[in-house]
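A quick write-up on the structure given underneath.
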Amino acid sequence: MLKNQSYKRSLLQRRNSLSNSFQALLDGLLVIMLTVALSYLYQDALTTQYMILAVTLLGFMAVVYDRFGIYRLHGSMTRKLMTLGKAWSISFALLFLLGFLTKSTDLFSRVIVSLLYVLGFLGQIAGHISIRYLQRINLARQEQVKALVIGTGELANHLFDRINNNPWLSEIVLGAITLNGEQAGDANSDHIPVLGKLEQIGRLIADYQIRTVYIAVPLDASPLIKDIYHELLDANVNIHWAPNIFALNLINHSVKELAGIPILTLSETPLIGTHLLSKAIEDKVIATGALILLSPILLITALAIKLESPGPVFFRQVRTGWDGREFKIWKFRSMRPNESGNDKVEQATRDDPRVTRVGRFIRRTSIDELPQLFNVLAGQMSLVGPRPHAVQHNVEYSERITDYLTRHRIKPGITGLAQVRGFRGETKELSQMEQRVQCDLEYINNWSIALDLSIMVRTLFTLFGRNAY
């Protein structure tokens with residue numbers, strides 16, 4: 001038996017089509033030709049600095065366009081052109097930033113640079129539309145490759161819909177085949193045709209002239225994959241495995257490669273590498289500025305609390321933070337000190353008799369949360385993230401809500417997606433906390449600096465909401 005040496009090559013292969021490579025070449029040539037033409041038109045010569053500008057811009061384009069997947073997008077033309085405009089603008093912004101840092105912006109004509117930006121974008125639009133038109137003509141002439149899916153259920157239906165409704169794929173999924181002992185109606189296979197059973201796969205491939213097979217079996221049927229694979233090898237078909245992981249509540253999932261082995265990440269914090277650095281910078285810069293601007297409000301609030309009732313100015317309580325680590329949260333005290341000796345943590349309710357007059361005002365305006373800016377500077381919290389709950393509440397809800405504790409895969413925040421959607425304040429019903437948790441998981445899976453800034457702006461319009469008490 002030959003030893004499998006496949007681990008020596010990268011398993012994450014990028015499928016570049018000839019048209020995509022040609023499109024990238026056209027975009028590069030366009031930048032070079034425009035730079036040369038504009039230089040001769042306005043300066044009668046192509047100088048060294050403009051040659052360096054063109055090469056640098058191409059370098060930025062290579063990185064940014066790859067990041068945005070410009071040559072891998074096959075959706076609507078409108079979406080692709082919007083993404084192209086964003087990537088082109090970011091490439092130019094990086095060019096300007098480099099010029100500013102090297103103090104070389106005065107070496108270039110504003111007219112030439114402006115025309116390069118405008119004409120370059122218009123030229124790329126024309127090129128991408130032309131290539132897309134030629135792709136459509138080419139696909140219309142190709143014979144569709146027939147495919148089938150092994151397995152039924154939501155993933156099989158998803159593959160059936162996405163492949164058959166994608167005009168840029170030359171494949172068509174004819175239907176699915178069920179696993180041995182599985183009934184077609186048992187797995188929500190209501191709109192994907194069922195062609196037969198697994199034991200009939202050889203005959204079905206021959207009868208329907210199948211050239212591609214997608215394996216989409218449930219997780220509990222994974223042991224069958226090895227046998228299915230070896231049987232399909234003799235059928236001379238393309239074999240693709242689509243692991244049915246979407247029955248799980250995935251947290252920032254991704255596909256990676258480690259020493260030639262594909263790693264399917266099911267749960268991972270988004271705060272790794274440059275993401276951790278960028279969020280830390282965002283938190284430190286904005287929190288510092290906010291503390292300076294809001295310092296008069298902080299001092300007045302502290303004085304008002306001290307004058308109205310005896311007790312400390314600040315309320316500190318142990319909360320659960322990033323990766324389950326505990327910390328003490330800072331808040332302005334809005335209630336009378338607990339004199340009963342009862343350590344049970346109770347959520348504040350509407351018209352709660354424990355709340356003081358000053359406390360009612362600062363809770364209504366969310367001023368009581370401002371001291372958490374110190375938690376942000378200490379690195380225990382972020383400006384935006386899931387709200388940290390008391391340890392006692394975490395124990396209670398983790399037993400009643402599946403995947404509740406996964407909200408700790410990112411730093412807790414002063415505000416969050418759940419709060420701007422109205423899920424703040426007391427949670428009388430379990431469904432309210434479930435909705436809050438779903439918002440937290442959505443935030444983790446879609447985190448970005450832009451999303452953080454959007455939530456901060458939206459928070460300003462929810463400070464006086466009816467759920468703030």
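FYI, it's all coordinate maths here, none of it is from the lab. Values in this document were obtained by computation on a predicted structure and should not be read as measured data. Heads up, the Cβs are rebuilt from the backbone with ideal geometry, glycines too, and the neighbour counts pull from every protein chain shown.
Mind listing the long-range amide H neighbours of residue 314? Cut-off is under 5 Å, sequence gap 5 or more, other chains count too, H placed in the peptide plane at 1.01 Å from N. Amide H neighbours of residue 314, under 5 Å, 5+ apart: 333. Diffusion of the stretch 145-247 by Stokes-Einstein, at 10 °C in a medium of 1.306 mPa s and with Rh set to the Kirkwood radius over alpha-carbon pairs, works out to 118 µm²/s. Using θ = phi - 60° and the Karplus relation 6.51 cos²θ - 1.76 cosθ + 1.60, list the HN-Hα couplings for the stretch 443-456 in order, rounded to whole Hz, with x at every Gly or Pro. After applying 6.51 cos²θ - 1.76 cosθ + 1.60, I find 5, 4, 6, 10, 4, 6, 4, 4, 5, 4, 4, 4, 5, 4 Hz.
Looking at the square roots a ≥ b ≥ c of the eigenvalues of the Cα gyration tensor of the chain, which shape do they give, rounded for a/c under 1.5, prolate if a/b is larger than b/c, or oblate?
Numbers: a/c = 2.75, a/b = 1.28, b/c = 2.14.
It comes out oblate by the Cα gyration axes.
Multiply the residue separation of residue 86 and residue 325 by 0.36 nm, subtract the distance between their alpha-carbon atoms, and state the gained length in nm to one decimal. Could you put the intermediate results ahead of the total?
Values: separation 239, 0.36 × 239 = 86.04 nm, distance 3.85 nm.
Working it through step by step, the gained length comes to 82.2 nm.
If R0 is taken as 25 Å, the Cβ-Cβ distance between residue 450 and residue 249 corresponds to a FRET efficiency of 0.55.
Residue 411: which lysines have alpha carbons under 19 Å from its alpha carbon, excluding same-chain residues fewer than 8 sequence positions away? Partners found: 279, 284, 328, 331. Apply the a/c threshold of 1.5 to the C-alpha gyration tensor of the stretch 18-141 and tell me whether it is rounded, prolate or oblate. The shape class here is prolate. In order along the stretch 97-114, the Karplus-derived 3J(HN,Hα) couplings, from 6.51 cos²θ - 1.76 cosθ + 1.60 at θ = phi - 60°, round to 4, 5, x, 5, 5, 8, 6, 10, 5, 6, 7, 10, 6, 5, 5, 5, 5, 5 Hz, and Gly and Pro are given as x. Look at 384, 355, 63 and count the other Cβ atoms within 10 Å of each Cβ; fewest to most, that gives 63, 355, 384.
Excluding same-chain residues fewer than 8 positions from residue 103, which lysines have a Cα within less than 26 Å of its Cα? In chain and number order, the partners are 86. Between residue 300 and residue 463, the distance separating the two model label sites (each 7 Å from Cα on the Cα→Cβ line) works out to 1.1 nm. Check residue 171: other-chain or 5+ apart residues with amide H under 5 Å from its amide H, H built from backbone geometry? Residues meeting the criterion, in which the H sits 1.01 Å from N, are 145. Counting neighbouring beta carbons within 10 Å and listing from fewest to most, the residues 76, 104 come out as 76, 104. Helical content of the chain, expressed as a calculated mean residue ellipticity at 222 nm, amounts to -15500 deg cm²/dmol (DSSP H runs of 4 or more residues, -39,500 (n - 2.57) each, divided by residue number, nearest 500). Residues whose amide H lies under 5 Å from that of residue 197, counting only those 5 or more places away or on a different chain, are 178; hydrogens are built 1.01 Å from N in the peptide plane.
Computed from phi, the 3J(HN,Hα) profile of the stretch 284-290 under the Karplus parametrisation 6.51, -1.76, 1.60 (θ = phi - 60°) reads 5, 5, 5, 5, 4, x, 5 Hz, with x in place of Gly and Pro.
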